[in-house]
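Taking it in order: structure first as C-alpha cells, then the write-up.
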Amino acid sequence: MIRIDSTVTDSNIHEPTDSWLLWDSVRTIVRLMDKAVKLTQSSIPWINHRRGAKKKMHEIFNTKGIEKKVPLYESLLKYTYNSLKYIETAEQVLKESGTNMIAYDSWITQKNHFIPLILKVVDQTQRRVFNEENVPATEKIFSLFEEHTDIIKKVGRDIKYGHKLNLSSGKSGLILDMVIETGNPADTERFLPMLERHKENYGEVPRQCSVDGGYASIKNLEQAKLFGVKDAAFSKKKGLSIDEMAKSKWVYRQLKHFRAGIESNISCLKRAYGLTCCTWKGWEHFNQYIWSSVVAYNLTLFARLSLKQA
C-alpha cells in the first residue's frame, strides 16, 4: 500500500514584485562595481544609484494605481540602464589594466551570471508595466539570487514561490519516494510517473494506492489498473465511481482514511525538518536541502520503529 500527495517548499526569497527586482538589480550592479574598483588601480567613472533606486522602489510600493506608478517605474528603469552601462565600462577597464587573472575571471563569472538575469527583469517589467502584457510565468524570473524558483498556484490557496514536491509514503510512515518538480505540473500529470518510479525502485507496483483528489482522472485510474494496481482510491471522485476505484465501499473508505496519514507525514517534515522553506542557496543546494530533510525524517522514524520492535 502506498499513498501519494504533493506539497510546496518555498525558496528563501522576498515578494517578487517588479520594483523590488529592479532594486535588487541595481544593488547587485553596485556590488560588482565596488569589486571592479578594488581590482583595478585606475579609476572607473560611475555613479552609485543604490539610494535613488531604493527610494523609487518604496514610492512604487506605497503608490496606488498603475497610472501613478508608470513615471516611477521609468525613473527606476533609468537607474537600472545607467548602472548596466557602468558594468560595460568596468569590464573594458579591467581588461586593459592587467588585473590579476584569477580575480578578473571571478568578477567576469559573477557578471555573466547576473547581467542576463537583470536584463530579463528589465524585459518583464517593460512588457507588464508599459506594454500592459500578461507575461507568462514560464517567461518570468522571480529572484536574482534564487533564479530557479517557480511560481506555484493552487485554486483557493496562497501563491507560493519555490518548488512542488510529490511524495509517496507507506503504512509505516516512511517516505518511499520523492520528486522535486520544475515548473508547476498538474497533479494529474504526475500520478502515473510516480507509480512508474515506484515499480522501478521496488520491483513491483503497489497492490493498493490512495492519493489526493488532485490526481484523479479516468485515464489515471484506467492506466493504474493496467499497471496491476488492484484498488486505486482518489479522495475526490471527479466523475469516478467507487466500484471503478475499489472492490467495495469498505475498501475505498479504508484507503481514503489511509491517505490522510500522509498529511501528518508532510506536516512533520515541515514543522520539525525544515521543509517549509529552503534556506540553502542555489538549485543544487535546494535539492540537497530537501533530500537531507527527508533522509533525516526517515532515519528518525526508522529508529522509533526499531525501538518498538525491540
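The values are calculated or read from the model by the stated rules, or taken from the named source; none is laboratory data. Since the structure is predicted, the reported quantities are computational estimates derived from the model, not experimental observations. Methodologically, a virtual Cβ is constructed for each residue, glycine included, from the backbone with ideal geometry; neighbour enumeration extends over all protein chains shown. With ligands, DNA and RNA removed, areas are computed over all heavy atoms of the protein, side chains included. Shrake-Rupley method; radii C 1.70, N 1.55, O 1.52, S 1.80 Å.
Numbers below:
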read-out	value
Selection within segment 148-174 - over 18 Å from Glu263 (Cα atoms), free of Cβ contacts under 8 Å to residues at least 40 places away in the same chain and of a type in the set (Lys, Arg)	Lys153
Residue that is farthest from Ser143 (Cα to Cα) [pool: residues in segment 271-310 that are of a type outside the set (A, V, I, L, M, F, W, C), touching a residue at least 60 places away in the same chain (Cβ under 8 Å) and open to solvent by 50 Å² or more (accessible area, probe 1.4 Å)]	Thr276
Contacts under 7 angstrom Cβ, first residue in segment 175-188 being within 25 Å of Met1 (Cα to Cα) and open to solvent by less than 30 Å² (accessible area, probe 1.4 Å), partner of a type in the set (A, V, I, L, M) and modelled with pLDDT under 90, 6 or more apart	none
Residue tally, condition in a loop (DSSP other than H, G, I, E, B) and either out of contact with any Lys or Arg (no Cβ under 7 Å at 6 or more places or on another chain) or exposed (fewer than 14 other Cβ atoms within 10 Å of the Cβ) (or both), over segment 230-247	8
Pick from segment 9-30, criterion more than 13 Å from Val122 (Cβ to Cβ) and in contact with an Asp or Glu (Cβ under 9 Å, 6 or more places away or on another chain), ranking: most open to solvent (accessible area, probe 1.4 Å)	Asn12
Residue count, segment 111-142 (criterion: among the polar types (S, T, N, Q), farther than 19 Å from Val26 by Cβ and without any contact (Cβ under 8 Å) to a residue 40 or more places away in the chain)	2
Enumeration of residues in segment 266-304 that are under 16 Å from the mean Cα position of the chain (by Cα) and more than 18 Å from Lys160 (Cβ to Cβ)	Lys281, Gly282, Glu284, His285, Gln288, Trp291
Any hit, segment 255-265, residues being over 21 Å from the mean Cα position of the chain (by Cα), of a type in the set (S, T, N, Q) and within 30 Å of His14 (Cα to Cα)	yes
Unique match (being touching a helix residue (DSSP H, G or I) at 6+ places or on another chain (Cβ under 9 Å), assigned to a helix (DSSP H, G or I), loosely packed, with under 14 Cβ neighbours inside 10 Å and of a type in the set (Phe, Trp, Tyr)) among Tyr104, Tyr81	Tyr81
Condition check for Ser169: farther than 23 Å from Trp20 by Cβ, buried (at least 19 other Cβ atoms within 10 Å of the Cβ) and in contact with a strand residue (DSSP E or B) (Cβ under 8 Å, 6 or more places away or on another chain)	yes
